[in-house]
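Undergrad: The structure under discussion is supplied below as structure tokens; questions concerning it will follow.
Read-outs throughout are calculated quantities, based only on the coordinates presented, and are distinct from any laboratory measurement. Since we're looking at a predicted model, the values are computed, not measured. Because the Cβ atoms are built from the backbone with ideal geometry, glycine has one as well, and the counts that use them run over all protein chains shown.
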Amino acid sequence: MRRLASVAATVALASSALAQESPNIRSATLPSPGNFVLRLSGNAYLYDGGGALFEERLRLATGIIPELGVEAQLPFYQSDLSSAASAQTGTEPHAAGLGDLEIDFKLRILRLDTGPVDTLRVALLGGIECPTSTAGFGSSGFVPNAGVALNWISGRHGVSANVLYRFTTGKSDEFVPLLAGDTDADVLEANLGYLFRVHPAEYGEEHVGAWYATAELLTTYETNGDVEMLLTPGILYEGPRWALEGTVGFPVWSQVDNRPEVDVVLGVGLRFLF
Amino acid sequence: MLHALRAALAATCLLSLPFACVTPPKAPDFSADTTPIDAAQVRLGVLGMSCPKCVSNVDLSLMRVPGVKHVAINMKDGLVTVDLAESPKPTAAQLARAVDAAGLTLDRIEPVVAGATP
């Protein structure tokens, strides 16, 4: 009951979603210089064997020049762990605190617009996590990351993909190991997503919103040997100035020894363009 | 497990491969066209308006150009109709810069003639 209440609170309070982009995959799209995207997102990680971690994340992105953008994001965590998970992670069952502030840059290296709707974008990703965390929800060091993202849209179909490597720093005893990257191991993310525009089947002469069905395959590999692959279906509504998304992630492959195994991940999000 | 990871990486790389060989078509260059546009309304052919929010990017960007009064977007045909003020009149170069800043490609600019259909 308590878990359900917490999930409901996460869904109600948090919010997260953007352009025809997969909800949980880094994209090659960015706002124009002078435009901002504010994103509020919430994820509930329900662990196998009970307990949960709730993540609320605030992000603000803007364009610096047409092909270069920057995004700052700050997460907040609440843990509600089972006694087994608490013992495994060596932490208190109930804790709350800030995560690490992350500053990310995105350099678009390819923009190929081939039709009124059709486009292909590729961007290089680079960023750093700064040690702002409290209660062990992050590291005490600076954690750089680098990768590449791709978005391809053709008619009603969209594909998103990204590969990202996180060079984890800090000592393992400073982390609460609840998510991938919460140890001193490096992390490789390889994500692939598909979006289908459900409605409208064809855009009309009016500038209206659109509904999408999404499916993502989210893979994390850590250099300590942990691997997790989540299949995450979802829905996305995108209006002219805002977007709303909801996803449910299920592990299709999990070989995790250094943190509790995830059973289900629920995600919601809201984005605003201004 | 590593097989699954390799499969995910391979799928991502394979997906990217066809595009690595693509040479982007050259978009028309409007940067030298600095003559104020002598029309009350122009129609822009814009490529890459793949989603409602991408379109809002170009809407916001064009509205910052001095002399732009109103922007109407037709996603179906990739057309953006721009109402212009009496003064100042923007140039094609300014409109092209605004579209480029929105991350989209300007394909053409046409003055709208009353009674004509696009």
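Undergrad: I need the per residue convex hull volume for region A:74-216, using only the alpha carbons, in cubic angstrom as a whole number. Intermediate values should be presented prior to the final figure.
TA: Working: hull volume 19.6 nm³, N = 143.
So the per-residue hull volume is 137 Å³.
Undergrad: Next question. Relative contact order for chain A: what percent, with Cα pairs under 8 Å and sequence separation of 6 or more? All intermediate terms of the calculation are to be shown ahead of the outcome.
TA: Numbers: 823 pairs, mean separation 53.7, N = 274.
The normalised contact order for chain A reaches 20 percent.
Undergrad: With labels modelled as points extended 7 Å from the Cα through the Cβ direction, what inter-label distance (nm, one decimal) is found for A:Thr223 paired with A:Phe142?
TA: 1.8 nm
Undergrad: About the Cα centre, and with charges only on the beta carbon of Lys, Arg (+1) and Asp, Glu (-1), how big is the dipole of region A:53-194? Nearest 20 debye, please. The partial results should precede the final answer.
TA: On the way: 9 positive and 18 negative charges, 124 e Å.
With Lys and Arg at +1 and Asp and Glu at -1, about 600 debye.
Undergrad: Counting only pairs 8 or more places apart or on different chains, how many lysine pairs in the protein assembly as shown have C-alpha atoms closer than 27 Å?
TA: Taking the protein assembly as shown as the scope, the lysine pair count is 7.
Undergrad: Could you work out how far helix A:2-13 tilts from the main Cα principal axis of chain A, as a 0 to 90 degree angle to the nearest 10?
TA: Orientation of helix A:2-13: about 30 degrees from the principal axis.
Undergrad: Compute, for the protein assembly as shown, the length of the dipole vector about the Cα centre, with Cβ point charges of +1 (Lys, Arg) and -1 (Asp, Glu) only. Units Debye, rounded to 20. Can you show the working numbers first?
TA: Working: 27 positive and 42 negative charges, 173 e Å.
With Lys and Arg at +1 and Asp and Glu at -1, about 840 debye.
Undergrad: If the elastic network links every pair of Cα atoms under 10 Å, which of A:Gly239, A:Gly155, A:Gly181 fluctuates the most in the Gaussian network model of chain A?
TA: Ranking A:Gly239, A:Gly155, A:Gly181 by mean-square fluctuation puts A:Gly155 first.
Undergrad: What dipole magnitude, in Debye to the nearest 20, does region A:126-274 give about its Cα centre under +1 on Lys/Arg Cβ and -1 on Asp/Glu Cβ?
TA: Working: 7 positive and 19 negative charges, 91 e Å.
Its charge dipole is roughly 440 debye.
Undergrad: Can you tell which of A:Gln73, A:Asn35, A:Thr62 lies farthest toward the positive end of the dipole of chain A, using +1 and -1 charges on the Cβ of basic and acidic side chains (Lys, Arg; Asp, Glu)?
TA: Projecting each Cα onto the dipole axis, the largest value belongs to A:Asn35.
Undergrad: Taking beta carbons within 10 Å but only from partner chains, what does the mean come to for residues B:74-81?
TA: Partner Cβ neighbours, averaged per residue: 5.
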